1. Apply the Karplus parameterisation 6.51 cos²θ - 1.76 cosθ + 1.60, with θ equal to phi minus 60°, to every residue of the stretch 222-233 and state each ³J(HN,Hα) to the nearest whole Hz, in sequence, with x for glycine and proline.
2. Which value in deg cm²/dmol, rounded to the nearest 500, describes the helix-derived mean residue ellipticity at 222 nm for the chain, given -39,500 (n - 2.57) per DSSP H run of n ≥ 4 and division by the residue count?
3. Round to a whole angstrom and tell me the spacing of the C-alpha centers of the stretch 290-310 and the stretch 13-73.
4. Does the stretch 205-325 classify as rounded, prolate or oblate by the C-alpha gyration tensor (a ≥ b ≥ c root eigenvalues; a/c under 1.5 gives rounded; else a/b over b/c gives prolate, otherwise oblate)?
5. Hey, got the dipole for the stretch 93-164? About the Cα centre, +1 on K and R Cβ, -1 on D and E Cβ, debye to the nearest 20?
6. Give or take rounding to whole Å, what are the principal axis extents of the alpha carbon atoms in the stretch 104-251, in descending order?
7. Of the lysine pairs in the chain, how many meet both conditions: Cα atoms under 16 Å apart, and a spacing of 8 or more in sequence or different chains?
8. Please give the charge dipole size of the chain, origin at the Cα centre, charges +1 on K and R Cβ atoms and -1 on D and E Cβ atoms. Round to the nearest 20 debye.
Amino acid sequence: MVADPVPLPEVPALTPAQSDTLARLSAAPADRPTFPADLRDRLRALLEGELSGPATAIPDGTTLFVNKRALAGVHGCEARWQAEDEAGFTPSVPVVIGSVAHKAIELSIHGARPRDPGDLVDRALERLSGSERWMGDWLERCDEDDRAEVRSAAIAKVAAFDEIWPTLERSWRPVTEASVRQDLLGRRISLNGKVDISLGHPDGLTARKVIVDLKTGRFALHHRDDLRFYALVETLRIGTPPRAVATSYLESGELHVEEVTEDMLATAVARTVDGVERIVGLRFGGDEPVRRPSGGCRWCPLLEQCDVGRAHLDAPADTAAHWDA
């Protein structure tokens, strides 16, 4: 008697959102650009040439670490960035929700089998509380309502990811939470970050990698610049830029994709130079911070003593100055 064949696992059909994500992140071989071999050296020379002057204000033996959050902050309201920089990292419910959701999505991508979003979030909470001291301290101090809010919101975001992203095949070489870093001027300045998801890998000088940033909140203009910064650091690191960068908004299902070009990388260099100059001036040069009001003023620690911010929030919506938060 012939044994019954072992049934193959059912492959779920893709939602329209999943199909769109797959189509927009894919590229035919003819659409994968090839970049010059000297691009990395030219970008590094440009950065170090522009930053060699400002870097002299950094104390000897000190490394200035620059990431996308610092650049976004200093290009927004310098006063708010300076206050938060001096106060140091302070965890909050939204920050914890984002960290837990990202870890749960990471476990989902690399797991051997599909798992319920609730199970993934519980596992993420367990792993983060053991590996991240700040997370363990926050979870130990928070009340039951805060913990329940974190769990509920993180589950919703993991479920949203599952609904708009197809299963990431191993042949696509998915990498999650990868740290990237490039030191400049003898480690006086260090550009660094952590990439949520990267897909693919370069083929010599031909770009095939896509870098993705997952956003658990709303759209902001600086999200585009965040990814251009990552593309710049990646190019400095390996010499071949990513083919494209993308921001995936889990709540709305939107996917913003931008192809990487030499002009885009030059724009990232200029923004990085401007940001580093202001960070150095504010942190080491005693510069007076520029106040740029935005909707983010309502969460600023300086709001009670900031006439500019209060006036902006009190002004009618059609007359208030609009700045990227």
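1. Listing the rounded values in order: 6, 4, 4, 5, 4, 6, 5, 5, 4, 4, 5, 4 Hz.
2. Value at 222 nm, helices only, nearest 500: -15500 deg cm²/dmol.
3. Spelled out, the Cα-based centre of one part sits 30 Å from the other.
4. Numbers: a/c = 2.96, a/b = 1.55, b/c = 1.91.
Cα axes put the stretch 205-325 in the oblate bin.
5. Dipole magnitude for the stretch 93-164 comes out near 320 debye.
6. Its Cα atoms span 50, 38, 30 Å along the three principal axes.
7. Values: LYS68/LYS194; LYS68/LYS215; LYS103/LYS157; LYS103/LYS194; LYS103/LYS215; LYS157/LYS215; LYS194/LYS209; LYS194/LYS215.
Going through the chain pair by pair, I get 8.
8. 780 debye
Taken together, the values in this text are just the output of simple stated rules run on the coordinates, not laboratory data. Since the structure is predicted, the reported quantities are computational estimates derived from the model, not experimental observations. All Cβ positions, glycine included, derive from the backbone under ideal geometry; neighbour counts span all protein chains shown.
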